[in-house]
Structures are given as C-alpha cells and as structure tokens.
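Following: one structure in structure tokens, then a few remarks.
The values are calculated or read from the model by the stated rules, or taken from the named source; none is laboratory data. Since we're looking at a predicted model, the values are computed, not measured. Cβ atoms come from the backbone with ideal geometry, glycine included; neighbour counts cover every protein chain shown. Protein only, heavy atoms only, side chains kept; ligands, DNA and RNA dropped before computing areas. Shrake-Rupley method; radii C 1.70, N 1.55, O 1.52, S 1.80 Å.
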Amino acid sequence: MLRPLSALFRCLVQRRCARQRRLGSAESGIPVPVVIVGNISIGGTGKTPLTIALIELLRAEGYRPGVVSRGYGAAPPSYPWHVTAETPPATGGDEPCLIVQRTDVPLVIDPDRPRAVDALLDHSPCDVIISDDGLQHYALARDIEIAVVDGRRGLGNGHCLPEGPLREPPERLALVDWVVVNGAATVAGLPALEQTPVCMQLFPSRLTPLSGGPSIRPECWTQGRQVHAVAGIGNPGRFFDTLRSLGFEPIEHPLEDHAAMTPEQFDFLPPLPVIMTEKDAVKCRAFPLKEAWVLRVEARLSASFQSQFLQRLAQVSAQQTGQNNGSQTA
C-alpha cells in the first residue's frame with residue numbers, strides 16, 4: 001500500500017539530487033575543502049565515531065578541522081550557535097556535544113549549513129570542514145562525500161520512505177567518494193561502486209566513571225558480569241552486543257535515539273553497575289549516579305582508506321590554495 005508513496009518520494013529526491021547536488025566548495029565561495037559524512041537511511045549508522053576518527057586523522061596530518069552540524073534536538077537561543085565543551089546537550093545537541101568533548105574541535109550547529117560554515121570560518125582558523133550529517137543538505141557545496149551504512153541493518157528492504165528506511169535510493173551511493181560499512185566488509189543491495197566499500201570497526205577501548213576518574217580497560221572490570229546497559233542511540237542492539245562480546249551480561253534498557261534523560265530513569269532493580277554509551281553520557285554528567293560507567297569506542301579504519309582520503313583532500317586543498325594546507329601527505 002505504501003509503494004506508490006515510496007515511488008513518488010524516490011522520484012522527488014532523485015530530481016532534487018540531480019538539480020541541486022553541487023561538488024566543489026570553491027565555486028560556492030567556501031575557501032576550504034568541505035567533507036560530508038552522512039547516510040541515506042534513517043537511524044544511526046556510525047557517523048559520529050567516523051567524524052571523530054577523521055578529526056583525529058586530520059590533526060595528525062597537520063590540518064585544522066572544524067565541524068558543522070544541524071544539531072538534531074538542540075534548542076539554542078539562536079542560530080548559528082557555537083558549541084563548546086560546557087554547552088548543555090539540550091542547547092547544543094547530544095552528538096555535537098560529544099564530538100566537542102572528545103576532540104575540542106570548533107563546531108557550529110545550524111539547520112542552514114552554509115550559514116554554519118560562514119560562522120565557523122569567521123571565528124576559527126579552519127582549513128577543512130566536516131559536515132556531520134548533511135548528505136541530503138544540497139545547499140551546502142561539498143568536495144568529498146562519505147556515506148556510512150550499518151553493517152547489520154544494511155539498506156533494509158532497499159526502498160525509500162515510507163515503504164522502506166531510505167532517505168535516498170541505493171543508487172545515490174554510487175555518487176559518493178566512499179561508502180563506509182560499519183561492522184562489516186560489505187552489505188547486500190549496494191549499487192556498483194567505483195571504490196570498494198570501506199570496513200569500519202568500532203573498538204571498545206575503555207570504561208570511564210560517569211562522575212569522573214581514571215578509566216579502565218574492559219578486561220580489567222572486576223565488579224561482576226551482570227550490568228544495566230542503557231543505550232539511546234539509533235541501533236541499541238549493537239551496544240548490547242558489544243557488551244556481550246566483552247563478557248558482560250547486560251540487562252537491556254533501550255531508548256529512542258536522542259532521548260531525553262532524567263535521574264529517575266536510572267532507578268533500576270536489582271542495584272547493579274550501569275554502563276551507557278558516550279552519546280547518552282553527555283546528557284547524564286550532572287546526575288547523582290553511583291557506579292555509572294561510560295563505554296568509549298574508537299573507530300578503526302584501514303590504512304589504505306586513510307591514505308586515499310588524505311591524498312584526495314590534499315588534491316582539493318592544492319586546487320583551492322596552491323599549497324598543501326599543512327598536509328604532510330601531498
């Protein structure tokens with residue numbers, strides 16, 4: 001019954017993509033390269049860990065990255081809004097706050113991404129901009145597009161909304177520079193791609209007390225294997241499976257993605273340690289919770305992808321400025 005609506009939606013997004021998609025930030029007056037990290041499906045795919053990994057990679061190569069984001073769920077006093085490490089998640093959004101707390105990167109939220117870019121460049125000496133999400137925000141020119149696909153859920157039934165989970169048809173992935181598959185080497189239903197899909201693995205690196213203090217490696221945990229597990233992300237099952245892979249026996253407490261949280265939600269029985277995701281932790285720092293821990297994950301990417309990405313970025317930078325913008329790879 002939903003197929004006619006899905007077909008209409010598909011037609012509209014394809015026409016919009018063909019009409020509005022522009023590659024090349026320089027032609028739009030943006031003086032630095034723009035990298036889009038997005039997806040074509042609803043729900044979480046792993047964009048934020050990939051964004052953090054790219055920030056760290058770029059800094060290691062001498063770049064000064066900045067980030068723009070829509071700031072889903074944020075309610076700042078005005079737009080554009082500069083997110084800092086002290087910005088409450090209700091103001092800046094949970095994912096932007098997480099990115100800033102992890103990396104201290106300059107970050108601006110605004111549903112109008114070009115306006116966010118202008119505000120970012122007005123206040124920060126960035127030489128490359130990452131747009132966290134925004135693959136379908138064609139008002140923002142871009143030089144590199146990276147689409148993230150959940151390795152477990154893939155592309156679902158391969159249909160666009162409302163019949164399926166896709167915001168754009170699968171063929172859109174053939175137009176991006178790289179498809180990154182979170183948790184697998186590839187998935188079914190991908191179109192013919194110029195580049196082999198990139199496998200990204202999320203590696204659980206350490207557990208940190210929510211209230212602060214020294215972190216520990218998961219294998220050093222000594223408080224018993226049964227824990228309460230809280231996940232307000234796009235795919236809570238992945239988090240629970242990660243805990244099980246580490247030897248925990250999680251009592252699952254899945255929440256909606258970007259869900260608001262209160263201390264009362266953590267009155268669990270029996271009284272056991274609580275482990276939550278980093279995205280949830282940014283909303284719970286001020287809660288008076290005892291034995292609450294945060295599982296930090298790191299995105300692992302192949303050396304070949306990192307090299308190809310840096311080479312492509314250096315080419316764009318050189319075309320724009322005639323120099324290497326600090327990169328050591330060109």
Counting sequence-distant residues (5 or more places) and residues on other chains, those with an amide H built under 5 Å from that of ARG206 are ARG296
Per residue, how much accessible area does region 55-174 have with a 1.4 Å probe, in Å²?
35 Å²
Once amide H atoms are built 1.01 Å from N in the peptide plane, which residues 5 or more positions from ILE251, or in another chain, come under 5 Å H to H?
VAL227, HIS228, ALA229
Give the calculated FRET efficiency between ILE42 and THR222 to the nearest 0.05, with a Förster radius of 51 Å applied to their Cβ-Cβ distance.
0.80
List the residues whose amide H sits under 5 Å from the amide H of THR186, counting only those 5 or more places along or on another chain, with H placed 1.01 Å from N in the peptide plane.
none
Got a sec to turn the phi values of region 159-173 into Karplus ³J(HN,Hα) couplings, 6.51 cos²θ - 1.76 cosθ + 1.60 with θ = phi - 60°, whole Hz, x for Gly and Pro?
9, 7, 4, x, 6, x, x, 9, 7, 9, x, x, 4, 4, 5
Furthest towards positive pole of dipole, LEU210, ALA192, PRO165, structure part region 142-217, Cβ charges
LEU210
In whole angstrom, the spacing between the Cα centers of region 116-133 and region 226-303 equals 31 Å
Taking the C-alpha atoms of the chain, convex hull volume expressed per residue in Å³:
147 Å³
Residue-ordered couplings for region 255-261, obtained by feeding phi - 60° into the Karplus form 6.51 cos²θ - 1.76 cosθ + 1.60 and rounding to whole Hz (Gly and Pro as x), are 10, 5, 4, 6, 4, 5, 10
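Probe radius 1.4 Å, ligands and nucleic acids ignored: give me the carbon and sulfur share of the accessible area of region 205-330 as a rounded percent.
Details: 3150 of 6300 Å².
Reported share for carbon and sulfur atoms: 50 percent.
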